[in-house]
Amino acid sequence: MTERAGPTLVDGRPLGVVSSAHFMVDAFSNMYAPLLPLLMPRLGMSLQAAGTLMMVFQAAASLSQLAFGRLADRGHARALLVAGPLVSATVLSLIGLVQRQALLAVVLVCGGLGVAAFHPPGAMVAHTAGRARPGTAMSVFVTSGSIGFALSPLLVANAAGRYGLGATVWFLLPGVACALLFARAVPALPLAPHRPHGGGLRALRPQARNLFLLYLLVVLRTVVSLSFATFVPVLLTRQGMSVGEAGTAMALYLFMSGIGGFWGGRLSDSFGPRRVIVWSLLLATPFLLMAPQTQGWAFAGLLAIGGLFLQSTLPVNVSFGQALAPHSAATVSSLMMGVAWGTGGMLVPVTGMVADALGLPTTLTILAVLPLCAAALATQLPAAPPLPMHVEPVEVNVAAIDPSADDDARTSEPA
């Protein structure tokens, strides 16, 4: 038995379910950086060591998404959607309990793999639910994660600052409860369509140049975004803020970044993805340049405005890439949200090394120029995807989530 998706522009239920899970997963994925002001003295870490551990986490949470994306495109999306939130919530809640750098690395790797498992199939569901409005749907999905990412420092830093690092374990129970609720609500998933050229990475070859340009500009943007997110709490506490205040400032930056992501995707449906990408990167630069020249809440305010423009490109990059290669939506998502993000994260230790030598304000000022380079790359992209952004209605396999469905439903094929 099959159901055919209706004629509405966006399918709200599956989009709402995966977006809610994205909120939770990304909240747990941002527990490390806000705790650095407390973790660094406990574990004897330098800025370079802190950046190296961020690289380790990003490699697990991002680079591995390519493998998970291929698994999702081959029919294992539901298992990944269920396992990812549960693993990330369980493991990353333990960060505050570690006493050695090596053990912290293990926790970050295992938790990062849980984060990575969720993102490609989650983005695939959002892409399918978007139908005629993929940019808008991807904005909802990305913004939900960004808001969770933004609220995490506010909650985690204040709890740890008041009650100690061990307070991170308090987030274990609500995290697991939310993951189990999500496992019961995972939406029906589209049956795997026929994939030309064998699917996966091979299906991306006709758009290799455009996807490579998208990949490079995401890497540049990510280096800037992650470096600020990693080291700004350290800088603000050195300027006299408490750990809780620095977490609040970081939450403001990340929340405004999430707002930018929401409007970026919506604007791309109206004005085209290339135009939105170029202008958002250009507008972010002056605010990111001015922020390190100030201190305290003035720094936080300028950084928040810069983050609003900088992160507005994230959903646009993903939906643009999915439109270029619609038969490999999860694989493309893993490239744009995973591999490119992970590559940028692997450069964060370089930021730490430069900061140890030149100081954080100078290093962050240098980084603020990189969005201009990304904007130059974006001008070489096509004005619109050569393939239509509209996603045709697909048949979904009801038996994938309904054990009571008959055997015929489990073997149904798309019409």
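The values are calculated or read from the model by the stated rules, or taken from the named source; none is laboratory data. Please read these numbers as outputs of a predicted model, since none were measured by experiment. Here the Cβ positions follow ideal geometry from the backbone for every residue, glycine too, while neighbour counts run over all protein chains shown. Heavy atoms of the whole protein, side chains included, go into the accessibility calculation; ligands, DNA and RNA do not. Shrake-Rupley method; radii C 1.70, N 1.55, O 1.52, S 1.80 Å.
On the given criteria, is Ala72 modelled with pLDDT under 90, open to solvent by less than 10 Å² (accessible area, probe 1.4 Å) and in a helix (DSSP H, G or I)?
Judged against the criteria, Ala72 is a match.
Restricting to region 53-63, count the residues that are modelled with pLDDT under 85 and either surrounded by fewer than 24 Cβ atoms within 10 Å (Cβ to Cβ) or in contact with a strand residue (DSSP E or B) (Cβ under 6 Å, 6 or more places away or on another chain) (or both). Outline the logic, then answer.
First, pick out the residues of region 53-63 that are modelled with pLDDT under 85: 54-55, 58-59, 62-63.
Filter once more, keeping what is either surrounded by fewer than 24 Cβ atoms within 10 Å (Cβ to Cβ) or in contact with a strand residue (DSSP E or B) (Cβ under 6 Å, 6 or more places away or on another chain) (or both): 55, 59, 63.
Looking only at that region, the number is 3.
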Enumeration of residues in region 353-378 that are assigned to a helix (DSSP H, G or I) and either under 12 Å from Val278 (Cβ atoms) or within 22 Å of the chain's Cα centre (by Cα) (or both): Leu364, Leu367, Leu370, Pro371, Leu372, Cys373, Ala374, Ala375, Ala376, Leu377, Ala378
Test: Ala67 is open to solvent by 10 Å² or more (accessible area, probe 1.4 Å), in contact with a Ser or Thr (Cβ under 9 Å, 6 or more places away or on another chain) and either more than 23 Å from Gly175 (Cβ to Cβ) or part of a strand (DSSP E or B) (or both): yes
Test for Pro393: is it touching a strand residue (DSSP E or B) at 6+ places or on another chain (Cβ under 7 Å), of a type outside the set (A, V, I, L, M), at pLDDT below 85 and outside any helix (DSSP H, G or I): yes
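Within region 43-65, identify whether any single residue is touching a residue at least 60 places away in the same chain (Cβ under 8 Å), closer than 16 Å to Gly148 by Cβ and among the aliphatic types (A, V, I, L, M), and answer yes or no.
We begin by selecting, within region 43-65, every residue touching a residue at least 60 places away in the same chain (Cβ under 8 Å); these are 43, 46-52, 54-55, 57-59, 61-65.
Add one more test, that the residue is closer than 16 Å to Gly148 by Cβ, and what stays is 61.
Now restrict to residues that are among the aliphatic types (A, V, I, L, M): 61.
The answer is yes; a qualifying residue exists.
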Residue match in region 287-300 (condition: closer than 26 Å to Ser334 by Cβ, open to solvent by less than 20 Å² (accessible area, probe 1.4 Å), part of a helix (DSSP H, G or I) and modelled with pLDDT of 85 or more): no
Condition broken by Val339, with the remaining ones in (1) in contact with a helix residue (DSSP H, G or I) (Cβ under 6 Å, 6 or more places away or on another chain); (2) open to solvent by 10 Å² or more (accessible area, probe 1.4 Å); (3) in contact (Cβ under 8 Å) with a residue 60 or more places away in the chain; (4) more than 24 Å from Tyr215 (Cβ to Cβ) satisfied: (4)
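State whether the residues of region 89-96 include one that is assigned to a loop (DSSP other than H, G, I, E, B) and either modelled with pLDDT of 90 or more or open to solvent by 10 Å² or more (accessible area, probe 1.4 Å) (or both).
First, the residues of region 89-96 that are assigned to a loop (DSSP other than H, G, I, E, B): 93-94.
Those still in the list that are either modelled with pLDDT of 90 or more or open to solvent by 10 Å² or more (accessible area, probe 1.4 Å) (or both) too: 93-94.
Yes - at least one qualifying residue is present in region 89-96.
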Selection status of Ala409, buried (at least 16 other Cβ atoms within 10 Å of the Cβ), over 25 Å from Ala137 (Cβ atoms) and at pLDDT below 50: yes
Condition broken by Met241, with the remaining ones in (1) outside any helix (DSSP H, G or I); (2) closer than 19 Å to Gly345 by Cβ satisfied: (2)
Filter pass, Pro120 being at pLDDT 80 or above, under 24 Å from Gly272 (Cα atoms) and in contact with a helix residue (DSSP H, G or I) (Cβ under 9 Å, 6 or more places away or on another chain): yes
